[in-house]
Amino acid sequence: MRGEYEEVPAITAGKRCGVQWAPWMDDFFTSWSPRNSNSNAEGPWDHWVDLAVKILQDPMTAIVRPDAHRAVQDVQTCNFYDEAHRHLTETELNERFPDGSG
């Protein structure tokens, strides 16, 4: 039996990039670092994209957003650990965040 406030790992996409379920809060999920077992999910952009694809491919997405679920069914996931398919360059990051803000 789970502890009263124990989170349940749901989806991972890198050693520090994941999502966990908070059962005591019904349909509520939080960021999660599988490596550190805390809520500080982190990683390169490619890990976050992989996490997004895995979330969209999850059967629960077919329930809440069937259109989004269908849209990514043929997208391959990467199951990264440390590596990334492609890192963003400093130039690309500066183009996206020209003044250092989002």
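The values are calculated or read from the model by the stated rules, or taken from the named source; none is laboratory data. Since we're looking at a predicted model, the values are computed, not measured. Backbone-built Cβ (ideal geometry, glycine too); neighbour counts: all protein chains shown.
Overview of values
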read-out: Selection status of residue 74, out of contact with any Lys or Arg (no Cβ under 7 Å at 6 or more places or on another chain) and among the acidic types (Asp, Glu); value: yes
read-out: Looking only at segment 13-56, and only at residues there that are without any contact (Cβ under 8 Å) to a residue 24 or more places away in the chain and assigned to a strand (DSSP E or B), the one that is surrounded by the fewest Cβ atoms within 10 Å (Cβ to Cβ); value: 38
read-out: Failed item, numbered, when residue 74 is tested on (1) within 24 Å of residue 5 (Cα to Cα); (2) in a loop (DSSP other than H, G, I, E, B); (3) at pLDDT 95 or above; value: (1)
read-out: Every residue from segment 57-80 that is within 15 Å of residue 18 (Cβ to Cβ) and either of a type in the set (Val, Ile, Thr) or loosely packed, with under 13 Cβ neighbours inside 10 Å (or both); value: 77, 79
